[in-house]
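What follows is a short report on a single structure.
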């Protein structure tokens with residue numbers, strides 16, 4: 001089962017929930033076959049490693065293949081520029097200009113070149129790192145400074161680790177918001193756990209996130225209300241109206257805030273929450289099973 005932990009806005013406690021959920025579920029699972037997989041897909045600002053403290057023993061450069069032109073073969077016909085919908089390649093007189101920051105690596109220019117004058121080279125956009133974090137198999141991606149697109153890094157992170165998942169539980173910590181990187185993280189998961197706060201801002205962004213996950217991608221969603229007790233009843237009313245289950249509530253608690261500031265897991269600072277997170281996983285598993293059974 002693959003669970004994406006997401007939030008419509010930053011600062012709701014998404015990584016706090018994702019890491020403590022992973023630690024609690026991994027504690028309950030035993031043996032190599034049950035080892036949990038955790039992917040930090042927030043490649044622009046990955047921070048789950050600060051809490052799970054993995055021993056990163058593998059590193060790989062990743063990116064997309066971009067065109068390079070063999071000018072000895074090129075006739076400057078302009079066919080490559082015609083087929084590029086991203087305008088990442090242009091032919092000006094007897095010059096061919098390639099703009100890597102616009103290229104999406106689709107390969108159309110290479111396939112359509114009548115002279116076979118275009119070949120592809122790797123444009124490095126970031127790195128993938130992985131290693132054990134106790135009973136958790138951990139991996140994250142990091143986007144290089146100055147890069148514009150994080151989706152290729154997320155897709156390669158998922159492809160590398162989820163392709164050999166073998167039925168294990170996988171928890172994906174998504175980027176906040178509702179942009180393309182979030183959609184790529186949610187794609188093909190079994191459940192999306194939304195972390196929100198009971199404020200007007202939290203409600204506004206929760207609506208957008210639910211629209212993407214449930215209405216656009218057709219995924220089941222559930223909600224964790226963090227900092228419960230502040231704000232208003234807007235989130236409660238919205239979830240009731242939309243029949244979205246609130247699976248867990250975490251109160252506003254100074255002890256939790258201090259633990260997070262120190263880089264400690266919530267369930268390390270307050271072990272009594274381990275059972276609550278294990279119950280949360282149980283509820284998610286039941287909802288996924290019910291959905292598959294009715295499908």
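Readers should treat all values here as calculations from the given coordinates under stated rules, not as data from a laboratory. As the structure is a computational prediction, the values presented were derived from the model and not from experiment. Cβ: placed from backbone, ideal geometry, glycine included. Neighbour counts: every protein chain shown.
Sorted fewest first by neighbouring Cβ atoms within 10 angstrom, 116, 228, 279, 42 come out as 116, 279, 228, 42. When only Cα pairs under 8 Å and 6 or more residues apart are kept, what is the percent relative contact order across segment 64-124? That works out to 50 percent. An oblate overall shape is assigned to segment 1-66, the ratio a/c of its alpha-carbon gyration tensor axes (a ≥ b ≥ c) being 1.5 or greater and a/b not exceeding b/c.
As a check on your grasp of the helix formula, calculate [θ] at 222 nm for the chain: sum -39500 (n - 2.57) over DSSP H runs of n ≥ 4, divide by the residue count, round to the nearest 500.
On the way: 11 runs with 102 residues, N = 295.
Rounded to the nearest 500, it is -10000 deg cm²/dmol.
Seen from every direction in turn and averaged, the convex hull around the alpha carbons of the chain projects onto 17.8 nm².
Listed by Cβ neighbour count within 10 Å, with the fewest neighbours leading, 217, 247, 206, 122 appear as 122, 217, 247, 206.
Sorting the Cα pairs of segment 64-124 by distance into bins of 5 Å, from 0 upward, gives 4, 22, 36, 26, 11, 1 percent per bin. What angle, in degrees between 0 and 90 and rounded to the nearest 10, separates the Cα long axis of helix 151-162 from the longest principal axis of the Cα atoms of the chain? With rounding to tens, the tilt is 60 degrees. Ordered by the number of other Cβ atoms lying within 10 Å of each residue's own Cβ, fewest first, 254, 79 fall into the sequence 254, 79. Taking Cα atoms only, the orientation of helix 14-28 departs from the longest principal axis of the chain by about 70 degrees. In percent, rounded to a whole number, the relative contact order of the chain is 27, using alpha-carbon pairs under 8 Å and six or more apart. Kindly express, to the nearest 10 degrees and within the range 0 to 90, the angle between helix 200-210's C-alpha long axis and the longest C-alpha principal axis of the chain. The helix 200-210 is inclined about 60 degrees to the chain.
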